[in-house]
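Just below is one structure, and these are the notes that go with it.
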Amino acid sequence: MGRLTRNPEKKSCETPVARYTLAVDKNFGKDTDFINLVAFSKDADFALKYLKKGTKVLVTGRIEPRSYEKDGNSYHVTDLIVTSQEFCESKKD
């Protein structure tokens with residue numbers, strides 16, 4: 001559970017894909033983890049339509065590591081593939 005650090009971004013693919021980041025407080029707010037989220041199909045549609053920066057959500061999914069090269073450098077990233085998500089605050093909040 002955490003808050004979105006930016007609005008979800010739509011990626012060009014055959015099926016809808018959304019990428020966004022969740023800030024999750026740990027140790028009672030003293031540290032924060034930033035989790036890369038990737039949503040597909042209906043989860044991507046939901047994120048793109050309803051979620052925005054600052055929205056508090058509860059997300060479940062599976063961890064998927066990946067690596068890529070850019071400008072001759074290797075990068076290793078861990079994404080959370082979204083399997084479900086829901087709001088954690090009322091619309092009024």
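The values are calculated or read from the model by the stated rules, or taken from the named source; none is laboratory data. Predicted model only: the values in this text are computed from it and were never measured. Cβ coordinates were reconstructed from backbone atoms using ideal geometry, including for glycine residues, and neighbour counts include every protein chain displayed. Side chains included, ligands, DNA and RNA excluded: accessible areas come from the protein's heavy atoms. Shrake-Rupley method; radii C 1.70, N 1.55, O 1.52, S 1.80 Å.
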Explain nothing, just compute: Karplus ³J(HN,Hα) = 6.51 cos²θ - 1.76 cosθ + 1.60, θ = phi - 60°, for every residue of the range 3-9 in order, whole Hz, x for Gly and Pro. 10, 5, 8, 7, 5, x, 10
Which value, in debye to the nearest 20, gives the size of the charge dipole of the range 1-59 about its Cα centre, when Lys and Arg are +1 and Asp and Glu are -1 at the Cβ? 220
How large, in percent, is the carbon and sulfur part of the accessible surface of the range 1-73 at a probe radius of 1.4 Å? 48
Length gained if ASN7 through CYS88 is fully extended, taking 0.36 nm per residue and subtracting the Cα-Cα distance, is 27.5 nm
Does the chain classify as rounded, prolate or oblate by the C-alpha gyration tensor (a ≥ b ≥ c root eigenvalues; a/c under 1.5 gives rounded; else a/b over b/c gives prolate, otherwise oblate)? oblate
Please give me the summed charge of the neighbours of LYS53: other residues whose Cβ is under 13 Å from its Cβ, Lys and Arg +1, Asp and Glu -1. +3
Give me the 1.4 Å probe accessible area per residue for the chain, excluding ligands and nucleic acids, in Å². 72
Leading residue at positive end of dipole, the chain (Cβ point charges), from VAL38, SER90, ILE63: SER90
With DSSP loop assignment and no more than 10 other C-beta atoms within 10 Å, the trypsin sites (Lys or Arg not before Pro) in the range 1-89 are LYS30
How large is the convex hull of the Cα atoms of the range 35-77 per residue, expressed in Å³ as a whole number? 116
Could you pull out the longest piece of the chain with no exposed loop GluC sites (Glu not before Pro) in it, calling a site exposed if DSSP puts it outside H, G, I, E, B and it has at most 16 other Cβ atoms within 10 Å? 15-88
In sequence order, calculated HN-Hα J values of the range 11-20 (Karplus, 6.51, -1.76, 1.60; Hz; x Gly/Pro): 9, 6, 8, 5, 10, x, 9, 10, 10, 7
